[in-house]
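Q: I'd like to ask you about the structure that follows.
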Amino acid sequence: METNFQGGWALVAEQLPYAVGAARSIELDKQLGTGEAEDRITIVFVGEGGAQNGRMAECLNAAAKENLPILFVVIDNGRAINTFTKDVAQNQEVFNQGKHYGIPGILADGQSLQDTLRIGRAAINHVRTKGPAILQVHTFRLNGHSPADPEHERNRKDEKRWARAEGDPIKIFESSADVLRVDTKACTAVARARIKSALAFANASPPPPETLAKELEYPDPTGAVDYSKREPTMGLAKAMEVTAATVPAATLAALGARIDALRAMASSEQGISIGDAVNLAILEEMLRDPTCVAHAEDLQAGSSYNIPANTQQAFGTLRAADEIIDEGHFIGKALGEGMNGYRPIVELMNANFGIYGMAELSSAGNTFATTGGQFNMPMTIIGAGGTAPNQSLGAEHSQPFHAYIMGIPGLKICTASKPHEAYGLTKSMIRDNGPGVLLLPVKMMKQRGPCTVDNFLPLHKSVVHHNASPGSIAAGKAVTVLTYLHGTKESEDAIAVLMTEGYDCDLIELTCLKPFDVETVKASLSKTHKLAILDESTRSGGVGATVSALVSELLFDELDAPVMRLCMEDAPVPYATEMEKCMVKRASDLIEAVRSMC
């Protein structure tokens, strides 16, 4: 961390948007007056194979659009793994890729130390004084790209023999006139001493304790933080000072009026919508903490549900950025900002579009652990998703994105079906030091309800919305119902019918899908001893499958009957309402399930 090296990344080209995010953090530091020397730049390395990835074009566009201080260094050894670049790329002149975006590029002979230094220094000077650039470095790869690389089977023996004799950059330098200005023996001795010292340190160090892996799961351990008391990293007083210095007084006044109006709406009899509740939480946190930044498509217009509304008007285009239509791209930029002291908030519009960003989400979840706890990842991702009965949005807009990401380590995954929970979870997630995903019910975003402002909900606890009556419990006619998103409203409708028949339910909304709140479920099952899960994900690999397995493992003795899973089938969700009925479970299915269990 002290060297500003921010990782090697396994997925080819994924480092590019992270680097753009890092470069944006430099510009944000300048704007807020919170950074170090203003001549800092970002340098990102990519192979010529990775430079053919679409992420390169996206990031060149982003770098040009905001004139970011970033140098794209393309290490060109002519091969993408063992495929010759010319066999897959129409144009190998990567240094010219930036022409369309007004980004200059230059080519250097990577086997020549002098050429690389001369051209590299010129490129860095350009980035510091004018803006982004590309440096393509022609070089030779003496070994495979990994120990598993079967290069010995690819007829490279003669080529390698030539390279070691005539293409070794160290030998080339040692045969040049410039070598007379350098004591190469002394340099070699220093290098060997450093290597020897590092090896000795590594060999003398004990192996890490096996408990460390679990300790590095989340930057903020489950339940360990009172988010209401967490101040901005720079301190609350400094944060207020920075905000006052960077946001015009008239803009602050307009923002304050908007926040007051939303807070009044939240406490009114009619209540506030889910979308507006989340918007209120975001505006409050961005006003309070200048390191909060926002990314979304259609951001300046408020996106589809008002979630990022008024952010750009209040805080400008650098802190509240409209984005291209590629969620992976701007989730990646947010990751780079998160590693550099910022708290990015990403709005997905429709959560299904987050599928574009699975690689970046995976890296966000892994970063704290893979860096040994050196880099927090305070990223909040918010999207409307789920599958409601009669949704009629078809297969691609009805996917269980929440289930797809359940297996990503290090993510906290929450849901909210009511304004109060949506607001409180948003506030807490923004202040958490790890990555979190908040899913909201796509067909209920305009539903209004009460919301207590200034509330912070835990990211590891579920919410009990209804308790079964003592009479139904005594009669064995009570069931614990676990659900989330649209299932909460469906369950409330079902319970209203069931109560007229003498049945009742403990209704628990899984506001935290991960980590799983076993304590709340156990407390309910100790009374009802029966469990039904109304689930908006598929039978295979869904949320209900995971929850059912956890209950069977941890709470088996509390069960008097098998867990009843009411989930989506594995087939794609159809448009047609009649066809959808067999796919998407609803209140009528829960009513029948409770009757059958009791």
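Q: Return Arg431, Arg194 ranked ascending by Cβ neighbour count within 10 Å, so the fewest neighbours appear first.
A: By the 10 Å Cβ count, ascending, the order reads Arg194, Arg431.
Q: If you don't mind, another one. Nothing charged except the Cβ atoms of Lys and Arg (+1) and of Asp and Glu (-1): what's the magnitude of the dipole of the stretch 154-206 about its Cα centre? Round to the nearest 20 debye.
A: 280 debye
Q: How many angstrom separate the Cα center of the stretch 438-483 from the Cα center of the stretch 316-381?
A: Using only Cα atoms, the two centres lie 29 Å from each other.
Q: If packing is taken as the mean number of other Cβ atoms within 10 Å per residue, what is the order of 243-256, 350-363, highest first?
A: Top to bottom by mean Cβ count within 10 Å: 350-363, 243-256.
Q: Please get the size of the charge dipole for the chain, origin at its Cα centre, with Cβ charges of +1 on Lys and Arg and -1 on Asp and Glu, quoted in debye to the nearest 20.
A: Using only the charged Cβ atoms, the result is roughly 1260 debye.
Q: Dipole of the chain (Lys/Arg Cβ +1, Asp/Glu Cβ -1, origin at the Cα centre): which of Ile430, Leu252, Leu335 lies farthest to the positive side?
A: It is Leu335, whose Cα lies furthest towards the positive end.
Q: Oh, and also: If you wrap a convex hull around the C-alpha atoms of the stretch 368-443 and split its volume per residue, what is the figure in Å³?
A: Cα convex hull per residue, to the nearest whole number: 81 Å³.
Q: Can you quote the Å³ per residue value for the convex hull of the Cα atoms in the stretch 227-449, rounded to an integer? Kindly include the intermediate steps, with their values, before the conclusion.
A: Working: hull volume 25.2 nm³, N = 223.
In the stretch 227-449, the Cα convex hull volume per residue is 113 Å³.
Q: Under a Cβ-Cβ cut-off of 9 Å, what is the net charge of the residues other than Thr139 that fall near it, where Lys and Arg count +1 and Asp and Glu count -1?
A: Around Thr139, the charge tally is -1.
Q: Which value, in debye to the nearest 20, gives the size of the charge dipole of the stretch 370-506 about its Cα centre, when Lys and Arg are +1 and Asp and Glu are -1 at the Cβ?
A: 340 debye
Q: Here is a further query. Need the C-alpha centroid separation for the stretch 92-149 versus the stretch 518-579, integer Å.
A: 54 Å
Q: What Kirkwood radius, in Å to one decimal, follows from the Cα pairs of the chain?
A: Over the chain, the inverse of the mean reciprocal pair distance is 26.8 Å.
Q: Per residue, what volume in Å³ does the Cα convex hull of the stretch 463-570 take up?
A: With only Cα atoms used, the stretch 463-570 gives 93 Å³ per residue.
Q: I'd like the distance between the alpha-carbon centres of the stretch 16-34 and the stretch 154-199, rounded to an integer number of Å.
A: Rounded to whole Å, the Cα centres lie 36 Å apart.
Q: Here's a follow-up. How long are the semi-axes of the equivalent ellipsoid of the stretch 279-367, defined as square roots of 5 times the Cα gyration tensor eigenvalues? Whole Å, largest first.
A: Each semi-axis is the square root of five times an eigenvalue, giving 20, 16, 10 Å.
Quick note: the coordinates plus some simple rules give every number you see, no bench work behind them. Model, not experiment: these values are computed from the prediction. Here Cβ is always computed from backbone atoms with ideal geometry, including for glycine, and neighbour counts include all displayed protein chains.
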